[in-house]
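*Asks:* Just dropping this structure here.
Any read-out appearing in this document is the output of simple, stated calculations on the displayed coordinates, not a laboratory observation. Source: prediction; values computed, not measured. Here the Cβ positions follow ideal geometry from the backbone for every residue, glycine too, while neighbour counts run over all protein chains shown.
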Amino acid sequence: MSAYRLRIYPDEKRRLEINERITIAKDFYNLLLEKSIAQYKIDGEPTSMAALNKYAKEIEKDGRFLILYSQTRCEIKYRVMKAYQNFFRRCKEKKKGKRVKVGFPRFKSRDKYKTIIYPQDNGSFSIEKERKTDMLRIARIGRMKIDVHRNIEGTIKTLTIKKELNQYYAIFTVVQETSQPKIQGTNPIGIDMGLNNFIALSDGTTIQKPRFFKKRERRIAIWQRRLSKRTRWDGNKMAKMQSKRREKAKLRLQREWVLTTNESNDFMHKLSNKLVNSGYTSFAVESLNIQNMERNHNLAQSIQNASWNRFINYLSYKAESAGMEVMKVDARNTSKTCSNCGNIQEMPLSIREYICHKCGLRIDRDINASINILKRGLTSKKSNLESEALKGRAGLARTYAQGDNVRLNGAVVEELRTYSQTNNLGGSLGLYSSSERNYCLV
């Protein structure tokens with residue numbers, strides 16, 4: 001399953017039609033949420049889909065909601081139901097001791113609701129040709145120009161119309177059945193995420209991310225100050241007329257943030273694509289809890305701008321489509337542990353070189369962490385192989401004889417020996433002599 005995000009160019013009439021439907025969809029969502037909350041206060045029963053269907057029929061008596069496509073209204077009901085399901089899931093996680101914000105479903109403002117969805121390709125939309133120009137036809141809205149900059153491969157399932165700033169996009173969800181190759185993990189690599197170096201690889205490579213936010217920080221601050229000084233209402237507050245000068249300032253501020261985000265996403269897409277095509281066969285990365293890390297207010301903004309989780313998501317889906325594996329490991333003490341002897345010592349962030357007090361290893365702290373991440377990834381892979389083999393043998397022979405375990409361990413050791421027969425991984429798996437370990441990967 002993949003998505004294609006294409007720019008559309010509606011004329012003034014279609015632009016007003018899309019804006020009106022987004023506003024009506026937002027009101028429909030808020031009314032469903034309001035009725036479900038009111039009913040819960042009366043009988044204390046959790047909201048169900050049957051109840052949402054009943055509320056929707058009451059709301060649809062107001063004829064202005066019928067302008068929405070019928071399946072679009074159904075999708076809004078599922079969106080409300082999904083918000084409740086996520087709320088109850090977070091409640092259970094909170095009771096189990098996990099640090100999460102429960103977050104009861106909120107009412108949507110016009111700045112937070114920006115999409116309308118057509119959940120089925122049943123003739124409600126189509127891409128047509130008109131004088132060598134691609135046109136998108138949407139039921140009850142009309143035809144508009146669409147920039148199909150690449151061919152859409154697969155079966156189109158859904159269409160989402162999204163408004164972003166003053167631009168409009170059509171997002172097609174596509175399903176395509178493909179046979180993914182299976183690549184043997186003969187050249188795995190460990191990846192450490194950081195702030196000084198964006199990523200550090202276990203073969204000694206370090207890559208820094210351009211500071212896109214720093215480039216636009218001054219302009220973002222200027223427009224934030226201007227926005228804060230603009231009055232929210234134009235003239236009479238009771239007339240509920242939005243201030244045009246405030247709207248212009250808001251658009252300029254949003255444009256600066258969108259440009260910064262696009263630059264960051266472009267960099268991470270290119271970097272993840274380069275890693276997948278660099279000859280590596282599997283990747284070991286840290287399983288990071290970003291919310292806990294952001295509690296350090298001195299580093300919170302830098303951590304948010306780094307977008308580590310987004311990069312791991314990009315790398316994961318590209319590696320999966322190429323037949324590779326991304327292994328997530330525990331990030332605890334990866335920077336404090338010596339990759340040579342396993343000694344654990346304190347490492348403040350100001351110290352950028354790891355000098356082991358026990359064996360004397362001197363290595364960059366990020367590269368040391370990436371080697372530890374690779375080792376943990378291979379160890380977890382080994383344990384998974386053992387458990388799978390034990391399950392297979394238990395199912396066939398119904399025995400736990402010692403001989404089976406001995407043969408199993410031998411097979412695993414042989415597979416790990418195959419992993420380590422690459423130049424890049426020799427140091428990380430302890431194949432260098434003690435005199436060659438110092439800076440062997442720098």
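*Asks:* With θ set to phi - 60°, apply the Karplus curve 6.51 cos²θ - 1.76 cosθ + 1.60 along segment 77-82 and write out the HN-Hα couplings as whole Hz, x wherever there is a Gly or Pro.
*Replies:* 5, 5, 5, 5, 4, 5
*Asks:* Restricting the count to DSSP beta bridges whose residues both fall in the chain, what percent are antiparallel, rounded to a multiple of 5?
*Replies:* Among the beta bridges of the chain, antiparallel pairing accounts for roughly 80 percent.
*Asks:* Using only the alpha carbons, work out the radius of gyration and Dmax of the chain in angstrom.
*Replies:* So, for the chain, Rg and Dmax equal 27.4, 86 Å respectively.
*Asks:* Quote to one decimal, in nm, the extra length available between Leu16 and Gln176 on full extension: 0.36 nm per residue of separation minus the C-alpha distance between them. List each step's numbers first, then the result.
*Replies:* Numbers: separation 160, 0.36 × 160 = 57.60 nm, distance 3.42 nm.
Separation in residues times 0.36 nm, less the Cα-Cα distance, equals 54.2 nm.
*Asks:* Same structure again: What list do you get for Phe198, Phe311, Phe104 if you sort them by fewest beta carbons within 10 Å?
*Replies:* The fewest-first ordering by Cβ neighbours comes to Phe104, Phe198, Phe311.
*Asks:* If you wrap a convex hull around the C-alpha atoms of segment 63-153 and split its volume per residue, what is the figure in Å³?
*Replies:* 180 Å³
*Asks:* Cut-off 10 angstrom, C-alpha nodes, Gaussian network model of the chain. Which of Ser307, Ser383, Ser202 fluctuates the most?
*Replies:* Most flexible of the set in this elastic network: Ser383.
*Asks:* Another question, then. May I ask for log10 I(q)/I(0) of segment 2-175 at q = 0.15 Å⁻¹, from a Debye sum over the Cα atoms as equal point scatterers with solvent left out?
*Replies:* -0.92
*Asks:* Calculate, in nm to one decimal, what Cys91 and Asp266 gain on full extension: separation in residues at 0.36 nm each, minus their alpha carbon distance.
*Replies:* Value of the extension gain: 59.4 nm.
*Asks:* Can you give the extra length, in nm with one decimal, that the chain gains between His357 and Arg255 once fully stretched, where that is 0.36 nm per residue apart less the Cα-Cα distance? Don't skip to the answer; put the middle values down first.
*Replies:* Numbers: separation 102, 0.36 × 102 = 36.72 nm, distance 5.06 nm.
Taking His357 through Arg255 to full extension adds about 31.7 nm, to one decimal.
*Asks:* Radius of gyration and Dmax for segment 266-381's Cα atoms, expressed in Å?
*Replies:* 15.4, 43
*Asks:* Also, I was wondering about something else. Pull out a ≥ b ≥ c, the square roots of the eigenvalues of the alpha-carbon gyration tensor of segment 117-157, then state rounded if a/c is under 1.5, prolate if not and a/b is larger than b/c, and oblate in the remaining case.
*Replies:* Oblate, because a/c is 1.5 or more while a/b does not exceed b/c.
*Asks:* Something else: Could you give the nm distance between label points at Ser302 and Ile344, where each point is 7 Å from its Cα heading toward the beta carbon?
*Replies:* Result: 2.5 nm between the two label points.
*Asks:* Let me ask something additional. List Phe212, Phe88, Phe283, Phe28 from most exposed to least, where exposure is judged by having the fewest other Cβ atoms within 10 Å.
*Replies:* Details: Phe212 18, Phe88 12, Phe283 26, Phe28 23.
By the 10 Å Cβ count, ascending, the order reads Phe88, Phe212, Phe28, Phe283.
*Asks:* Sticking with the crude label model, points 7 Å out along Cα→Cβ, report the distance from Arg137 to Ser321 in nm, one decimal please.
*Replies:* Distance between the two pseudo-spin positions: 3.0 nm.
*Asks:* Continuing with the same structure: Can you pull out the GluC sites (Glu not before Pro) in segment 123-173 that DSSP calls coil and that have at most 13 other Cβ atoms within 10 Å?
*Replies:* Glu153
*Asks:* Ok, one more. At 222 nm, what helix-only mean residue ellipticity would the chain give, in deg cm²/dmol to the nearest 500, using -39500 (n - 2.57) for each DSSP H run of four or more?
*Replies:* -15000 deg cm²/dmol
*Asks:* Using a basic spin-label model with each label point 7 Å from the Cα along Cα→Cβ, how many nm lie between Lys382 and Gln71?
*Replies:* 5.2 nm
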